[in-house]
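As structure tokens, the structure follows; a few thoughts come after it.
What follows is calculated from the coordinates using simple rules that are stated; it is not laboratory data. Not measured: the values here are computed from a predicted model. Cβ atoms come from the backbone with ideal geometry, glycine included; neighbour counts cover every protein chain shown.
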Amino acid sequence: MKGEHPVRLLCEALGVSVSGYYAAQQPRHSARHLEDELLAAKIVAVHQRSRRNYGAPRIVEELREQGVHTSRRRCARLLRAQGLSGRKNHARRPRTTDSRHGRPVVENRLAQCPAPTAPNQVWLTDITYLRTAEGWLFLAAILDAWSRRVVGWACAPTLHTSLALAALSRALRGRRPAPGLLHHSDRGCQYVDANYVQTLCAAGLERSMSRAGNCYDNATMESFWSTLKIETQLAQRIPPTRPQAELAVFDYIETFYNPVRRHSSLGYLSPVVFEKQHTIKAA
């Protein structure tokens with residue numbers, strides 16, 4: 001009939017709206033398609049809250065905590081459909097360790113000790129660099145090997161021992177570890193400095209060092225540096241000043257990495273939540 005009469009006249013005769021007629025001609029979306037649309041909106045929201053860092057595995061865990069269950073495969077498909085993806089680790093950083101100091105070093109005791117089962121049993125430390133328009137900003141950090149929590153960190157424009165000492169002092173004040181904690185570092189001159197060694201001994205910490213030129217002996221710290229630079233985008237977006245770079249580090253560690261960021265090695269819990277759950281169980 002519509003070939004013989006205008007659609008508008010036919011709609012008036014049948015008592016229906018023109019827009020309703022054309023809407024009825026459109027293919028109906030399946031229930032699965034509508035579910036995908038709702039799920040995609042939730043996936044995008046989680047991705048945004050993760051500062052666009054999370055890929056499918058962590059998004060699935062975040063949704064599961066919200067009571068939304070889906071597979072990684074479906075999540076990855078919907079993530080790609082939105083033109084989104086998680087940030088991935090790529091390039092390694094140049095070496096910044098100066099071990100040509102001729103001072104006494106200690107053996108790698110980390111390789112022989114069992115995996116930690118509680119906080120403040122093993123700490124890992126290292127120093128990396130961040131590029132700014134003003135020049136280099138160096139960052140020292142200490143991780144608890146059990147929970148992956150950053151327990152101390154500090155920034156400075158130079159690689160002097162005071163930088164490593166500042167991170168260590170923060171860690172000691174914040175955690176107050178019992179004697180016997182294993183402190184593992186590379187063989188950099190900062191970690192064999194008399195003041196640094198004295199501070200370790202005064203706190204009752206045991207020393208451990210990586211083998212010469214072997215970054216894999218401190219692989220967890222290397223992984224953390226890579227994650228920090230990628231997820232803050234400090235490797236791609238050069239901050240104009242050192243204070244701005246330090247502020248970005250503070251924001252990442254204190255408001256995202258420690259309290260929020262999910263770790264696959266922790267059952268997709270954040271370091272803070274992982275430690276809190278351990279405290280509750282121990283009590």
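The figures follow:
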| item | result |
| --- | --- |
| C-alpha center-to-center spacing [region 211-283, region 110-172] in angstrom | 11 Å |
| Among beta bridges that DSSP assigns inside region 114-257, antiparallel share in %, nearest 5 | 70 percent |
| Förster-model FRET efficiency, 30 Å R0, CYS113 and TRP136, C-beta, rounded to 0.05 | 0.35 |
| Surface/4 of the Cα convex hull for region 125-260, nm² | 7.9 nm² |
| Expected-Rg normalisation [2.2 N^0.38 Å, Cα atoms] applied to region 197-266 | 1.42 |
| Anchor LYS42: aspartates and glutamates whose Cα lies under 15 Å away (excluding residues fewer than 8 positions away in-chain) | GLU61, GLU62, GLU65 |
| Convex hull volume of region 33-190 per residue (C-alpha atoms, cubic angstrom) | 177 Å³ |
